[in-house]
Amino acid sequence: VSKDVVWKKSLLVGLEGTLLGCTYYALSCQSCGMVVGFILYSATRDLAYLRGFFCFFTDSILCYLLKNKKIIKASEVNFPAVNLKE
């Protein structure tokens, strides 16, 4: 995360979808204003383990591949599975 990603100081409430019933801070790109993820403040039991983590939407961010010197969408990158509950 760089200084270009900021979170809004006001809490939002999830009214539908995966974040239904959760309160969170939106993470946005300071350059373009696009929401790129969230930080959970309070969550349902099944998402509680994510509280305090920076959670990014892979379709909203770009990755730089060092070997190829190429920029691609994060949704095209295979990220290793991580068990955050541990």
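Can you tell me the length gained on complete extension of the stretch Thr18 to Ala74, counting 0.36 nm per residue apart and subtracting the Cα distance? Show your work: numbers first, answer last.
Values: separation 56, 0.36 × 56 = 20.16 nm, distance 2.02 nm.
Computed gain between Thr18 and Ala74 is 18.1 nm.
Just want to confirm a number: the relative contact order over region 5-76, from Cα pairs under 8 angstrom separated by 6+ residues, in percent. Each step should come with its number before you reach the end.
Working: 126 pairs, mean separation 14.4, N = 72.
In percent, rounded to a whole number, it is 20.
Residue by residue through region 17-34, what is 3J(HN,Hα) from phi via Karplus (6.51 cos²θ - 1.76 cosθ + 1.60, θ = phi - 60°)? Round to whole Hz and write x for glycine and proline.
x, 4, 8, 4, x, 9, 10, 7, 9, 7, 9, 9, 7, 5, 6, 9, x, 5
Going highest first, how would you order 34-46, 8-20 by mean Cβ packing within 10 Å?
Details: 34-46: 15.1, 8-20: 10.9.
By packing density, highest mean first, the sequence is 34-46, 8-20.
Only the coordinates and a few stated rules stand behind these numbers; no lab work does. Just so you know, these numbers come straight off a predicted model, no measurement behind them. For neighbour counting, all protein chains shown are included, and Cβ atoms are generated from backbone atoms with ideal geometry for every residue, glycine included.
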